[in-house]
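To keep things clear, I will list the structure first and then write my remarks on it.
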Amino acid sequence: MTQTAKSRLFGLWLALAVLLSIAIGSAGFSLVERSFQIRSAEQAQGTLRLTVAGLRGALNRYEPLPSLIAEKPSIKALLSDTTNPDLASSVNLELKQIAEDVGASDIYVIDANGYTWAASNFDQTHSFVGLSYVYRPYFQQAIEGGLGRFFALGTASLKRGYYFSAPIRLQGQIAGVVTVKISVDALEADWRGADSEILVTDQFGIIFMSSRSDWHFQSLQPLQPATLDEIKAFRQYPIDQLGLLNLQRKPIGNQGAERFTIGVGGTEKHFVANAMAIPEAGWNVHILTPTAAARTQAITVIVIAVLVLLLTILVTAFLLLRRARMVERIAAQHAAQELLENRVAERTVDLNQANTQLLQEIEERKQAERQLRKTQSELVQAGKLAALGQMSAALSHEFNQPLAAVKTYADNAATYLDRNRIDEARDNVGRISQMADRMAAISKHLRNFARRPQEKIGPVPLLPIISDALAILSAKLRDRNANIVFDPPLKDIWIMGGRVRLQQVLVNLISNALDASTLDNPAHNGREPDIHLTIETTSDRVRIKVRDHGSGLAAETKSQIFDPFYTTKGPGEGLGLGLSISYNIIRDFGGRLLAENHPDGGAIFTIDLAAADQLTEEAAE
Ligand code: ADP
């Protein structure tokens, strides 16, 4: 799989994971939200219980108060003599004191006709004194001998309050009613500022207490016309302020909790609602907890769950992808290894082939070498035979001529002796002797060629050797009118060699140069031939050069010049051994003898020898 395909697959995985997580998240959201709502409803239940206990406590505290006040002699006295203003004044003050002491809003005394004779708020602008409360149910209940309870908006004070009443009896007859009104504002004040809203509804479902003042006198359900008539009759609530709360209710869970959706100022608010009844008062206390907290908690939980799920999916995907990559890599490694093994096997076959070929070639070479050696030995044999032939030819040439002369001279000598011409005979015998000398000289040459030299090699001074050689050649040089151009160095030069043999080489080279310069060389007609002798030294070598102005070395001569018996000279003039012997002598000294043509014409022979230390001469000798 290519890298792009892998990335695409991973992207698809990711998109799927996100979609799946969102689907699971949204499916689970309402469940989680519901469970949080139930939990918040359970928590609200506690708050509700406390609220109800608080309300009950307040009611219970005030309930016995009217009966106690009704027993007061001053109250009874007032009702028996309502025209006495002093009595009314003192009761007014007394009621005011009690109201202050018990924290009641108002306390007032009404006669059997519903007329109010004394009130704790006698000195206020909305004083109840002189007002009639015959229409109030609490008056009716008390005048009939019971205890009255009522909730209403005060007609004079315009304050919501709860009314408790009890009959005032004079000689067993109900002569009036004592009413204690408590304000609900203080109770409501405690409910404000909390997260939850608290509301109290009456038997009609009308909200008369609430942590929100804008919900006062709103009913949870539509009001029946009979209910409205009753409210009007009792002047319980201001009719123009009554309204219907924009409410939708839906039960949640099985604990009686409900979901309230209330339209407030164009927006909808959602609550979890719990309710509890206070049957003795005919009230229902509701606690409304906003669902926003439950929703936030549910969102948090779902987001965390979705993230965890997403992370799990991603980690799983990552691990799977990594595993797939590893499997792929291992497969690739296997493939590479297989390829390598195949290549090695192929190379091994190639190598084996090359090896076989090489062995074959070695065998062929060996065979060629054997063939070469055979050919070489054949050549050597042929060379030896050729040299022997050359030598025989040269020797027969050299010896035949003096032998023929000896025979002639001997015959002549015999003839002269027969004729008794002794002098002529002697002359011929003398010539025979000369011929014998010549043959002896040739023989000596040959012996020199064949014999190993006795002379030791060591440091020898060069200049005395050169002057000896020149002395030997002086007669020949004079005969040929030749000059030796030689500028001897001031200090002697020492070389490694043998005195006599080096002298022999020098004589030979100078003699050849002389021959080349004078014999058959028309270039030198009428001109004295010069032979240049030079010495070149380096730190460890000494080179002696003999240069002539002859016709130089022909190509054929150059290749054979050091071969024994190679000569271009006529019979009796050369044996062709001089350069061959010289070459071997110089080689014995550890040096080299070179033959070249000079660029300006003529030949140049170089004796290249190792330089020697002067001090060791005696030791060498
Ligand atoms: P030989 O002098 O008896 O011929 P060498 O061995 O001394 O024998 O010389 C061999 C040949 O080399 C000579 O015959 C000659 O042809 C050639 N040669 C030697 N020296 C010279 C020279 N300086 N110039 C030209 N040819 C030479």
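The values are calculated or read from the model by the stated rules, or taken from the named source; none is laboratory data. It should be emphasised that the depicted structure is a prediction, and the values quoted were computed from it without experimental measurement. Please note: Cβ atoms are built from the backbone with ideal geometry, for glycine as well, and neighbour counts cover all protein chains shown. To get the accessible areas, we keep the full protein, side chains included, count just its heavy atoms, and leave off ligands, DNA and RNA. Shrake-Rupley method; radii C 1.70, N 1.55, O 1.52, S 1.80 Å.
Looking at (1) closer than 21 Å to Glu100 by Cα; (2) open to solvent by less than 10 Å² (accessible area, probe 1.4 Å); (3) of a type outside the set (Val, Ile, Thr), find the lone condition where Arg160 falls short.
Unmet condition: (2).
Scan (1) assigned to a loop (DSSP other than H, G, I, E, B); (2) at pLDDT below 90 for the single condition Arg61 breaks and write down its number.
Here Arg61 clears every test but (1).
Which one of these is over 26 Å from Gly11 (Cα atoms) and either modelled with pLDDT under 95 or among the aromatic types (Phe, Trp, Tyr) (or both): Arg325, Arg329, Arg365?
Arg365
Identify, please: which residue in the range 583-617 is within 20 Å of Ala554 (Cα to Cα) and of a type in the set (Gly, Ala, Ser) and is, among those, farthest from the ligand (Cβ to nearest atom)?
Only one residue tops the list, namely Gly601.
Among the residues that make up the range 501-509, is at least one of them hydrophobic (A, V, I, L, M, F, W, C), crowded, with 22+ Cβ neighbours inside 10 Å, modelled with pLDDT of 90 or more and more than 20 Å from Gly578 (Cβ to Cβ)?
No, that holds for no residue.
On the basis of being in a strand (DSSP E or B), on the phi < 0 side of the Ramachandran plot, open to solvent by less than 70 Å² (accessible area, probe 1.4 Å) and without any contact (Cβ under 8 Å) to a residue 40 or more places away in the chain, does Thr116 make the cut?
Yes; evaluated as a whole, the condition is true for this residue.
Looking only at the range 556-571, count how many residues are more than 6 Å from the ligand (Cβ to nearest atom), open to solvent by 70 Å² or more (accessible area, probe 1.4 Å), without any contact (Cβ under 8 Å) to a residue 40 or more places away in the chain and not charged (D, E, K, R).
Total meeting the criteria: 1.
Rundown of residues vs (1) touching a helix residue (DSSP H, G or I) at 6+ places or on another chain (Cβ under 8 Å); (2) more than 17 Å from Tyr163 (Cβ to Cβ), yes/no style:
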residue	(1), (2)
Lys72	yes, yes
Ala77	yes, yes
Ser105	yes, no
Asp123	yes, yes
Leu131	no, no
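Which members of the range 580-609 meet the condition of being within 25 Å of Ser443 (Cβ to Cβ) and either touching a helix residue (DSSP H, G or I) at 6+ places or on another chain (Cβ under 7 Å) or of a type in the set (D, E, K, R) (or both)? Steps first, answer last, please.
Here is the first cut: in the range 580-609, the residues within 25 Å of Ser443 (Cβ to Cβ) are 580-588.
Once the filter is applied, which keeps residues that are within 25 Å of Ser443 (Cβ to Cβ) and either touching a helix residue (DSSP H, G or I) at 6+ places or on another chain (Cβ under 7 Å) or of a type in the set (D, E, K, R) (or both), the range 580-609 yields Ile581, Ser582, Ile585, Ile586, Arg587, Asp588.
List, please: which pairs have Cβ atoms under 8 Å, are six or more places apart or on different chains, and start with a residue in the range 45-61 that is among the basic types (Lys, Arg) and end with one that is open to solvent by less than 30 Å² (accessible area, probe 1.4 Å)?
Filtered contacts from the range 45-61: Arg56/Ile278.
Look through the range 532-552, keep the residues that are open to solvent by less than 30 Å² (accessible area, probe 1.4 Å), at negative phi and within 12 Å of the ligand (Cβ to nearest atom), and return whichever of them is farthest from the chain's Cα centre (by Cα).
Only one residue tops the list, namely Gly550.
May I ask you to list the residues in the range 206-226 that are within 21 Å of Leu158 (Cα to Cα) and open to solvent by less than 70 Å² (accessible area, probe 1.4 Å)?
Answer for the range 206-226, where residues must be within 21 Å of Leu158 (Cα to Cα) and open to solvent by less than 70 Å² (accessible area, probe 1.4 Å): Ile206, Ile207, Phe208, Met209, Ser210, Ser211, Arg212, Trp215, His216, Phe217, Gln218, Ser219.
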